[in-house]
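A quick write-up on the structure given underneath.
The values are calculated or read from the model by the stated rules, or taken from the named source; none is laboratory data. Computed from a predicted structure; not experimentally measured. Counting neighbours? That spans all protein chains shown, and the Cβs are built from the backbone with ideal geometry, glycine included. To get the accessible areas, we keep the full protein, side chains included, count just its heavy atoms, and leave off ligands, DNA and RNA. Shrake-Rupley method; radii C 1.70, N 1.55, O 1.52, S 1.80 Å.
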Amino acid sequence: MLPDFSAIEIWPGPMEGVGKNGFVEAATKLQLTDRWMTPFIRLSQEVPSLNKLTKSISGYLDTGLPLTIQLMGNESDLLCKAAEMLLNLPSVTGINLNSGCPSSRVIKHNSGGGLLKN
């Protein structure tokens, strides 16, 4: 017997380079997802302004679907400040901390999978 798929949320993982506004709009119109997770927003030295952050995720916000925003960085103050700003936006229901990216460049800077060492 198959499970009741109507009770299962479907949402794609973050897809850097693919999750552009046109893709997000088309997938939403075709009802291929119930929610979204953004590709990572990299925080290295400062938190961008709310306008800049909003512009970078506007395609996701425009869908009206629940949205989880993925952040990447290694400075807890920056991550917390960005999360606080973003959680006040409509449709934003969660923050995902990227702690699994295996890129050697990312790990070298103690982000992504590099966070797991500490």
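Structure above, values below:
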item	result
Label assignment, P(r) over Cα pairs in 5 Å bins from 0, in percent derived from the structure, set [x] 2, 11, 21, 21, 18, 14, 8, 4, 1, 0, 0; [y] 2, 10, 17, 24, 22, 14, 7, 3, 1, 0; [z] 3, 13, 24, 30, 21, 9, 2, 0	[x]
Within the stretch 38-110: Cβ-based charge dipole about Cα centre, in debye rounded to nearest 20 (Lys, Arg +1; Asp, Glu -1)	240 debye
Proximal aspartates and glutamates to K108, defined as alpha-carbon separation beneath 16 angstrom and excluding residues fewer than eight positions away on the same chain	E75
Which listed pairs, of K20/K55; K55/K117; K20/K81; K29/K52, have C-alpha distances above 22 Å, in listed order	K55/K117; K20/K81; K29/K52
Burial ranking of peptide ranges 32-40, 3-11, 54-62, 16-24 (average Cβ count within 10 Å, highest at the top)	32-40, 54-62, 16-24, 3-11
Using alpha-carbon coordinates, inclination of helix 76-86 to the longest axis of the chain, degrees	30 degrees
Net charge of Cβ neighbours under 15 Å - reference G22; Lys, Arg +1; Asp, Glu -1	0
Solvent-accessible heavy-atom area per residue, rounded to whole Å², over the chain at 1.4 Å	64 Å²
